[in-house]
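FYI, it's all coordinate maths here, none of it is from the lab. Note that the coordinates shown come from a computational prediction; the quantities given were computed from them, not determined experimentally. Cβ atoms come from the backbone with ideal geometry, glycine included; neighbour counts cover every protein chain shown.
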Amino acid sequence: MELTLSIIKPDAVSRNLTGQINSLIEKNNIKIVAQKMIRLSIDDAKTFYGVHKERAFFEDLCSYMISGPIVVQVLKGKSVVSKYRDLMGATNPENAEENTIRKLYGLSVEENSVHGSDSKENSKVEIDFFFSKREIFNL
Ligand code: CMP
């Protein structure tokens, strides 16, 4: 069993889509083992997305990510890092497969509704960024 970090982004939380996204996660046999609604500070957004700091979209991305509350989650399942990336679909919703979260709900390459860790190594770093051990349940 593997863990991954998921974020339901401001565009999806503000459109009342948290439950529909959670339903897709659960229907795909992935367990939500930690979850909370938070609002990022600008410093946290810049740290979390630090890998993108040289990209042209970095400042816009950080502004968007602090524009409203987000839901951060720890997901658990077999090969869940790649399984959740498949369920999310391509970064740009226009390129995403049918029935993926981003195809169903994404608005643009930036407002793409969800984030998921891109590797097992990064999942550990990203989970530790948001959650303490006692917030993650052994479901
Ligand atoms: P995410 O999976 O959270 O990882 C980085 C985020 O940057 C990505 O989803 C998008 O929200 C955003 N992003 C990636 N590429 C672009 C782009 N070309 N223009 C604007 N935002 C982008």
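A few notes on this one:
- Close amide H partners of Gln35, meaning residues 5 or more places away or on another chain with modelled amide H under 5 Å apart, are Val74.
- Ranked packing of 92-103, 128-139, most packed first, by mean Cβ within 10 Å: 92-103, 128-139
- With contacts taken as Cα pairs under 8 Å at a separation of at least 6 residues, the chain carries a relative contact order of 38 percent.
- Take the Cα radius of gyration of the stretch 73-139 and divide it by 2.2 N^0.38 Å, N being the number of residues; the result is 1.20.
- The stretch 34-120, Rg to Rh (Cα coordinates; Rh as Kirkwood inverse mean 1/r): 0.96
- Rounded to the nearest 20 debye, dipole of the chain from Cβ charges on Lys, Arg, Asp, Glu: 580
- Dipole of the stretch 58-139 [Lys/Arg +1, Asp/Glu -1 at C-beta], most positive-end residue of Val109, Asn99, Ile66: Asn99
- Table column - 3J(HN,Hα) (Hz), the stretch 2-9, Karplus curve with 6.51, -1.76, 1.60, x for Gly and Pro: 10, 10, 9, 9, 10, 10, 8, 7
- Phi to ³J(HN,Hα) by Karplus 6.51 cos²θ - 1.76 cosθ + 1.60 over the stretch 108-125, Hz, x for Gly, Pro: 6, 4, 7, 7, 9, 6, 9, 10, x, 3, 9, 7, 4, 4, 5, 4, 5, 4
- Using θ = phi - 60° in the Karplus curve 6.51 cos²θ - 1.76 cosθ + 1.60, the 3J(HN,Hα) couplings for the stretch 91-104 round to 3, 8, x, 4, 9, 7, 5, 4, 6, 7, 4, 5, 5, 6 Hz; x is entered for Gly and Pro.
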